[in-house]
Amino acid sequence: MTDCVSSTSVNIPETGKPRVVIIGGGFGGLAAINNLRGKGFQVVVFDKQNYNTFHPLLYQVATAGLQPDAIASPLRKEMWEAEDFHYRMLEVTRIDAQSMQIVTPVGTVFFDYLIIATGSKTNYFGNSGMEKYALPLKTIPDALNVRSQLIQTLEQASLTVDKEEQKKLLTIVIIGGGPTGVEMAGAIAELRKHVLTKDFPTLNMADMNIYLLEGGECLLPAMSPTAGVVAGNDLLSMGVKVLTNAKAQHYDGKTLILSNGETIDSSTVIWSAGVKGNMPEGMPAACVEKGKLVVNEYCMVRGFTNIFAIGDIASFKTSKYPAGLPGVAQPAMQMGAYLGMAIQQIHGGLRPKVFKYLDKGAMATIGRKKAVAEFPVGLKLKGRMAWLMWLLIHISYLVGFRNKLVVLANWCWSFLTYEKGNRLIIRPFVQKTAEIDQHSRRCLHSTSLDIHGL
């Protein structure tokens, strides 16, 4: 119990209640927060960001469809009217499992129960060139960087009369044929067709090449081959160049080299090819396997009865999922909700029921009235019906009524007018190898650009 333990450096009040510390305010952490209300615990949440992000819609922020606040919700708002719940905007630097405390840059906090919900981070699979120069799409700042880069390269292209240079600037490469890559490619294709032709009438949008690269044989590898074929055909019909069995070997910020020797000149390469567990420091090596924390049927980390891991950081293996549960939102949400009940039972000396994952299916949208959806009952949808299902499900899972309303309004307006109103370079993005000429600098940073003098 933590009644005689002081955490004054982090300013957590002393308590006679058992203390549950949650590291991470993502899907899993938020589900745990909501299901620990009224259970007699002091709950302390740590996250270096003060908001929860709805990751499935990051690509829409990146392609000017939504503003960041439409897919984010303040973590503190989730604790309104919740007794003895505390949030601290701090990164946990280390977990001392034996002494039951977590270490932050400003002090330590003791715990009775610990939920590790640190999620995942971008996995470049050891490709240093990609890690240095490609654009990830894992956080809201990442999405804003992609948005700025897309619009900046178009502005740059409009300033040059060199057709070869224009072609390079107008070439966009997305690496990774999973849902994020497919949705990103489709969104950029629709942006090109309906918006960019009007924004940049002097540019020939036929010169704007959009590549989607997948290292395997088919897109959407987590779904059926049929879904991958449907997605590929839809993207091809939208003018996206889809390359399968295409692995990125090297990128220097200007030229992408594939494993077959083919090269693509592009200053905008977006990496969506994989993630890995965001492993906190300090956990014993015996409970770590392939960058994740091994958990049992109660979501307990191997070797511990009061430390739990959920979501992308947890390796929860079953006969159906011998490699672990899929890296999507549902496992994290279900595990977080489960622990809200299980920790109360464990603290009361009871053995909770084992956690059972309910597979609710998978889906991906390709574009307007184009999507694929598959459900465990054998139902497979494509086209308009799958697209409507995708819209409804994603709106239903957004946090907060305001966000649901804002996203719905944006989508309705976009559907009726083909307009995406967030094509703003609020924060210019400068690539590490970008060679921005004088005209481009003036375009991006000057408020008194005389276009007649160019």
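The values are calculated or read from the model by the stated rules, or taken from the named source; none is laboratory data. Every value quoted in this text rests on a predicted model; they were computed, and no experiment measured them. Using ideal geometry, Cβ is built from the backbone for each residue, glycine included, and neighbour counts are taken over all protein chains shown. Heads up: the accessible areas ignore ligands, DNA and RNA and are worked out on the full protein's heavy atoms, side chains in. Shrake-Rupley method; radii C 1.70, N 1.55, O 1.52, S 1.80 Å.
Observations on the structure shown:
- Label-point separation in nm, Glu289 to Asn245, each point 7 Å along Cα→Cβ: 3.3
- Percent of Cα pairs exceeding the 37 Å cut-off, where the set is the chain: 31
- With the charge dipole of the stretch 189-287 set up from +1 on Lys and Arg Cβ and -1 on Asp and Glu Cβ about the Cα centre, the Cα lying farthest toward the positive end among the listed residues Thr255, Pro225, Cys287 is that of Pro225.
- Unsatisfied cross-links (Cα-Cα over 21 Å) in the set Lys369/Lys420; Lys382/Lys420; Lys198/Lys420; Lys48/Lys254: Lys382/Lys420; Lys48/Lys254
- Rg/Rh for the stretch 184-317, where both radii come from Cα atoms and Rh is the Kirkwood radius: 1.13
- Structure-based [θ]222 nm, the chain - -39500 (n - 2.57) summed over DSSP H runs of at least 4, per residue, nearest 500: -9000 deg cm²/dmol
- Accessible surface of the chain [probe 1.4 Å, protein heavy atoms]: carbon and sulfur percent: 54
- DSSP beta bridge pairing in the chain, given as percent antiparallel to the nearest 5: 50
- Between Val182, Leu170, Ser120, the Cα set farthest toward the positive side of the dipole of the stretch 101-190 (charges on each charged residue's Cβ, about the Cα centre) is that of Ser120.
- Amide H within-cut-off set for Thr171, under 5 Å, with H built and near neighbours excluded: Asn209, Ser267
- Per residue value of the accessible surface for the chain (all protein chains in place, 1.4 Å probe), Å²: 46
- Residue-span extension gain [Arg76 to Leu350] - 0.36 nm each, minus C-alpha spacing: 95.5 nm
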